[in-house]
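Bear in mind that the values in this text are calculations on the coordinates, not laboratory data. These figures come from a predicted structure and were not determined experimentally. For neighbour counting, all protein chains shown are included, and Cβ atoms are generated from backbone atoms with ideal geometry for every residue, glycine included.
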């Protein structure tokens, strides 16, 4: 049997920023976009992409400030900019209508995009991305702005964490998610870090991605966008995640169902990969019955 080719790296531009994505081939198949979370990178999806590449044309981008995409200078990392990056990739590569699997921050961004362009989305799987840091946008505006300014000053003096070896970085990766196998943790570390000039290693993401914009779309407007999503949504959560919902997130959408996977944290697609893939395959395959 002929071995499958590795994904190819490509670049595109969004607001003059050079952004990176992986293309797993199979261009004649339906497009499937894999959207990562905050301070992650496109290789977080490698196991999912390998499993689905025979049935879909899989594309996995790096958000600005993440992975092998350029960092932003003089601008906040906000949902609006991330939405534009996603919109540009879908537009430039003519992917619509597209299936989407998105995680955490990527889920929040993809859901807002789906509300803006519902006609461009077929089906969407969102892993722990139907919430949001709403508490950050409460309280007097002067308090929020002062906190943001002070946080920005602190970030400006924060140096990227340096690890003496890939092994040290790998152990930090595994400590952050105890469900990761050794193979997963090493793979994510290799693709998520760069070697510095002095020989040490640092994570690829920009430290400024820690700094949330002081203002976001009001909750009422987010709900307004979500109300425009007609096509099916599958919302997945991990039973052990810090981002667990107190209410059923599917209640916020017209056509959604919510599944909680046991023995999984925030990164469900790593922690319970087989069960996640089974759910996802079945859900995406249902679209054929609607045509």
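Here are some notes:
- Counted over the range 104-251 with a bin width of 10 Å, the fraction of Cα pairs per bin, in whole percents, is 9, 27, 31, 27, 6, 0.
- Rounded to 5, percent antiparallel among DSSP beta bridges of the range 79-217: 45
- Of all beta bridges that DSSP places with both ends in the range 166-273, some 35 percent have antiparallel geometry.
- Paramagnetic label reach from residue 159 (point 7 Å along Cα→Cβ; backbone nitrogen cut-off under 20 Å): within the range 199-231, residues 199-210.
- Near-label residues of the range 191-223 by backbone N, under 18 Å of a point 7 Å along Cα→Cβ of residue 152: 206-217
- Theoretical FRET efficiency, 1/(1+(r/R0)^6), r = Cβ-Cβ of residue 230 and residue 198, R0 51 Å, to 0.05: 0.45
- Rough spin-label spacing in nm, given labels placed 7 Å along Cα→Cβ, for residue 257 and residue 55: 1.5
- The range 202-279 - Rg over Rh from alpha carbon coordinates, Kirkwood radius: 1.04
- Projected onto their three principal axes, the Cα atoms of the range 133-197 cover extents of 47, 32, 16 Å, largest first.
- Adding -39500 (n - 2.57) for every DSSP H run of four residues or longer, then dividing by how many residues the chain holds, sets the calculated 222 nm ellipticity at -10000 deg cm²/dmol.
- Sorting 205-215, 63-73 by average packing, meaning the other beta carbons within 10 Å per residue, from highest down gives 63-73, 205-215.
- Inter-part distance where the range 216-245 and the range 75-131 are each reduced to a Cα centre, Å: 12
- Antiparallel DSSP beta bridges within the chain, as percent of all bridges there, nearest 5: 40
- Convex hull volume per residue for the chain, taking Cα atoms only, in Å³: 147
- If the chain linking residue 28 and residue 282 were pulled fully straight, counting 0.36 nm for each residue of separation and taking away their Cα-Cα distance, it would gain 89.4 nm.
- The range 1-141 - percent relative contact order, Cα under 8 Å, separation 6 or more: 23
- Debye-sum result for the range 63-183 in log10 I(q)/I(0), which assumes one identical scatterer on each alpha carbon, at q = 0.14, 0.18, 0.21, 0.23 Å⁻¹: -0.90, -1.20, -1.25, -1.28
- Two-site label geometry, residue 274 and residue 96: point separation in nm, points 7 Å out along Cα→Cβ: 4.0
- The alpha carbons of the range 1-147 stretch over 63, 29, 25 Å along the principal axes, in descending order.
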